[in-house]
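Some notes on the structure that comes next.
The values are calculated or read from the model by the stated rules, or taken from the named source; none is laboratory data. Predicted model, so just to flag it, every value in this text is computed and none were measured. Cβ atoms come from the backbone with ideal geometry, glycine included; neighbour counts cover every protein chain shown.
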Amino acid sequence: MSYEHEKLAEEKVFKDPVHRYIHVRDRVIWDVIGTREFQRLRRIRQLGTTYLVFHGAEHSRFQHSLGVYEIVRRIIDSGFGGRPEWNEDERLVALCAALLHDLGHGPFSHAFEKVFDLDHEKFTQAILLGDTEVNAVLSRVSPEFPQRVADVVGKTYKDKLVISLISSQIDADRMDYLQRDAYYTGVQYGHFDMERILRVMRPAEEQVVIKSSGMHAVEDYIMSRYQMYWQVYFHPVSRSAEVILIKILHRAKALYKDGYRFLQDPVPFRSFFDKTITLEDYISLDEGVLFTYFQLWMKEQDPILSDLCRRFINRKLFQYAEFDPAKEYRKIGQLDSLFKEAGIDPEYYLVTDSSSDLPYDFYRPGEENERVPIYLQLPNGELSELSRSSDIVDAISGKRRTDHKIYFPEDILEAGQEDNPLYKEILQLVRG
Amino acid sequence: MLAEHAKIVQMISLADEVNGRKKLQKMVYILKKMEFSFVEKYELHMYGPYSEELTLRVEELCEMGFLAETCTDKGSYVQYTYQVTEDGLKFSETGDAPVASLAPCISKLNDQSSRFLELVSTLLYFDHLERTEQIEKVRIVKNKLNFSDEEMDAAFAFIAEMSACAVA
């Protein structure tokens, strides 16, 4: 039997709190899970700094990746199998792409990508196609197979239905992370009837569509996305931690560029600071390495770097205040000047954060050909965009809600306000 | 401090108005590829490079009253037009002055159709590949749009023109 079709002698299962069990029968999938690059995902949290607010949110991208694989497996094996729109030859490539779609995420991925101007999707493709253990496993299927998987992840694969299973407005990726993030944070939002959605998913020419009788299950899923964003993903305290994380990396980079002599040479970061990153540098970095350096940097001579690291490690985060840019955008300039006058570097200690700084794709039907919306398949076979049939979705997708905050070191300002009148002035201004 | 918001307002102000969300998305992407300092993160979607960050930023600017959004019902879909308001103009002055070459580049982009900009931006998304591979990728990704060879040539000529304009 060819490697592509080889089955394990006995099915392997992973116990999973969200899907109960994750079933592996294909030899290729089993071998991919065992690779060094896939195992690295155990050391990258799914929700970055959210664990500092919801202490249960320690789950990893490893768990999520297995979850996405399991959802796609169920869609294919129980839903799509035998339907004329589905090409069974695409099964393995779809499963591999589902399992490996997040392979290139770095530590604290969003913050890290922002500081070093990186793209995790490009690294996913580089790992799939480079001199890696994952590539060696995939190449055993066929020499072209790694490229096929990379094309699905990069959304350039010829069969768009396969892409839409892991990357569309209702896909296995979102269905797993909403449920998983809800489970591990312990919130009651984020739950929806996935089994029902899987039952009403239909393969269409270029994407997955939903049988119209399943509209209410999809409404629940859209509501979950909306609530999880405002209650979990955009939680202001979690944002404060991310703000500090970004500032630590910026500070370390600026010091390195200025020739500062670190007590401990930041070897794993050198190529990131110099923009000479190799695939090996990237794969070697995980959250363990970052935490180790943050601990070491707490002892650095540079007062800003050591203070920011102490704040992150010991959860002494910045305070936040509501901010209305429409009326108060000039306030930022005033605060900037006051911070400088008071001897506090605003570059590291005064931060505005907007909802657009943590993009999260709410469901939007959008404009024609802007994005692919969710389509309901009506009994007569015609397709209807979801918000045209659902009042609930129409209400959510038509309304804007934005959020802006100022983050600042309230502890420093409060402790010093008796001795420094500028600190008091800053506090009064920032608190409005 | 809201510097990225100010850049988007400046860009739309220099264009006078932008017709269509898709067009705005592609204009910012192409400007970014021409090394203008926009930071919005883009990903490839079914219709070419798309930035959720930009979508949210534009929503925020409309909420702030710095951009005016008007909707035109086109039957099966709605088209959005963006203009800068008086308050938006004042706000944009808080940002750094744009480089001189930005205005002519925006003007060139705004003169094009969104279909053409979709082609240009998608070719640019694959600009790490050889020309034949770039075309091949676009034909896979945009199989339904049936871009002709002439359109491909025009798009490459436009990219060269934009590159020259950006460094002028």
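Quick look at the numbers
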read-out: Some residue of region A:13-22 being under 24 Å from residue A:234 (Cβ atoms) and crowded, with 17+ Cβ neighbours inside 10 Å; value: yes
read-out: Pairs, first closer than 11 Å to residue A:125 by Cα in region A:150-165, second among the aromatic types (Phe, Trp, Tyr) and buried (at least 22 other Cβ atoms within 10 Å of the Cβ), C-beta under 6 Å, six or more apart; value: A:151/A:157
read-out: Filtered residue count, region A:24-51, keeping only those that are crowded, with 19+ Cβ neighbours inside 10 Å and either touching a His at 6+ places or on another chain (Cβ under 7 Å) or within 29 Å of residue A:243 (Cβ to Cβ) (or both); value: 9
read-out: Residues of region A:305-333 satisfying the condition of being over 28 Å from the mean Cα position of the chain (by Cα) and surrounded by 14 or more Cβ atoms within 10 Å (Cβ to Cβ); value: A:326, A:328, A:329, A:331, A:332
read-out: Filtered residues of region B:92-113 (kept if in contact with a Lys or Arg (Cβ under 9 Å, 6 or more places away or on another chain) and within 14 Å of chain A (Cβ to nearest Cβ)); value: B:92, B:94, B:95, B:96, B:113
read-out: Residues being more than 8 Å from every other protein chain (Cβ to nearest Cβ), in contact (Cβ under 8 Å) with a residue 60 or more places away in the chain and under 10 Å from the mean Cα position of the chain (by Cα) - total across region B:13-25; value: 2
read-out: Spans of helices (runs of 4 or more DSSP H) in region A:273-392 with at least 2 residues within 13 Å of chain B (Cβ to nearest Cβ); value: A:325-341, A:346-349, A:386-389
read-out: Among residues of region A:135-160, those that are within 25 Å of the chain's Cα centre (by Cα), of a type in the set (A, V, I, L, M, F, W, C) and over 9 Å from residue A:96 (Cβ atoms), counted; value: 2
read-out: Positions within region A:161-183 being of a type in the set (Phe, Trp, Tyr) and over 15 Å from the mean Cα position of the chain (by Cα), in sequence order; value: A:183
read-out: Residue in region A:378-388 that is basic (Lys, Arg), surrounded by fewer than 19 Cβ atoms within 10 Å (Cβ to Cβ) and either at pLDDT below 85 or more than 30 Å from residue A:432 (Cα to Cα) (or both) present; value: yes
read-out: All helices (runs of 4 or more DSSP H) inside region A:128-213 with 3 or more residues being within 14 Å of chain B (Cβ to nearest Cβ); value: A:145-153, A:160-166
read-out: Residues satisfying the stated conditions in region B:45-68, i.e. closer than 19 Å to residue B:120 by Cα, modelled with pLDDT of 90 or more and within 7 Å of another protein chain (Cβ to nearest Cβ); value: B:50
read-out: Spans of helices (runs of 4 or more DSSP H) in region B:1-113 with at least 1 residues touching a Gly at 6+ places or on another chain (Cβ under 8 Å) and over 20 Å from residue A:114 (Cα atoms); value: B:3-15, B:21-33, B:52-64, B:86-92
read-out: Search result, residues across region A:238-288 that are modelled with pLDDT under 95 and among the acidic types (Asp, Glu); value: A:265
